[in-house]
Structures are given as C-alpha cells and as structure tokens.
1. What percent does the relative contact order of the range 27-164 come to when contacts are Cα pairs within less than 8 Å and at least six residues apart?
2. Please give the per residue volume of the convex hull enclosing the alpha carbon atoms of the range 27-164, rounded to a whole number of Å³.
3. If you count, for each residue, the other Cβ atoms within 10 Å and average over each peptide, how do 61-72, 40-51 line up from highest to lowest?
4. Return the distance in nm (one decimal) between the two label points of a simple spin-label model at S133 and A97, each offset 7 Å from Cα along Cα→Cβ.
Amino acid sequence: MKSFTRIFRNKIGMTLVETVVGMFIFVTVVTTVTAVMVPAMRMFARANELAEINALFDTLSAEILDDASRATHIEEKDGAVFITVNNAAVWEYSVDADTGVLLKGGVALFDARYYKNKTVGVGCAAGDDGQFSITLTISMYGGDLVTARTYAVRPVLMAANQYNGD
C-alpha cells in the first residue's frame, strides 16, 4: 500500500481525491457568488421598475396638471375626469378598460407595449376653497406594487372667475 505522502507526489495526473476537493471548492465559490448575485439582481429589477413608474407618473401628472391649472371647470363623471379650459376645450381623462391606458380625449398618453403590465386610474375630488385633488394610481397586473399620488390643484382661471363673480 502506498503511503499518504506518495499519493500527493504523483506528478503524472490528478488523483480522485484532488478532483473531488477541487470540485468541492468550485461548487462552494459558485454557490456563494450566486447567493449574493440573485438578491442584487432582484433589487436592481425592483429599482428599475420604480424608476419606470416615477417616469410614468411625471409624464401623466405634467399633462393633467397643465390642463387643470388652466381650467375653468373640473368634474368627475362616470369614472372619467373632465377638465374644461377657457370655457371651450373640454379634455376627458379616462382609462381604457382593456389596456389600462390613460386616455386624453380618446388618445393614449403612454404606450401600453412599453409600460406592459401597468394599469392607470384617475380620479378627482372637489375640496374647500376651489381646490381640487386629482389622484393618479398606477398598479401592476400581476404584482403586488400599487402606487398612488394625489395632486392638489387650484385652477387659476377658475379662481379668477369666482373672484369676478362669473
């Protein structure tokens, strides 16, 4: 029987023990790296999703608040928000039931193919002293993420009309 030291002095090739130890070290390193990378990738995907939602909020709120700030009349009816600008142009903000896309006068305000799996809701409530609360809600079709932002709007033209007695 060969001695233990002679086994490791064999220069011809790798022994079974060396192969098993090498595989064990390799599997340990790969498992450790994977255990660190998987949560990091999930965190990155979540941060990317939140960045997309914030960009969508910014785009939609800018459009709605621009019209609402110049409004002479705001009302919610049948699940849609109607904003009248200069007593003439009426913008209807509604949600397409099939795609969940916010529509302004029947035209989509964002591309449902890019913002897949997201649905949008819009609502309006009249407050005290001519102030309105417009609420945008973005939710995920298959996920647990549901976000809402409420914007307080006091339309300048509406306040001016009330001040002048119109």
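1. Reported as a whole number, the value is 18 percent.
2. Output value, Cα hull per residue: 119 Å³.
3. The most tightly packed comes first, giving 61-72, 40-51.
4. Each label point lies 7 Å from its Cα, and together they span 2.7 nm.
Here, each number is a calculation from the coordinates, and none is a lab measurement. Note that this is a predicted model, so its numbers are computed, not measured. Positions of Cβ are backbone-derived with ideal geometry, glycine not excepted, and every protein chain shown enters the neighbour counts.
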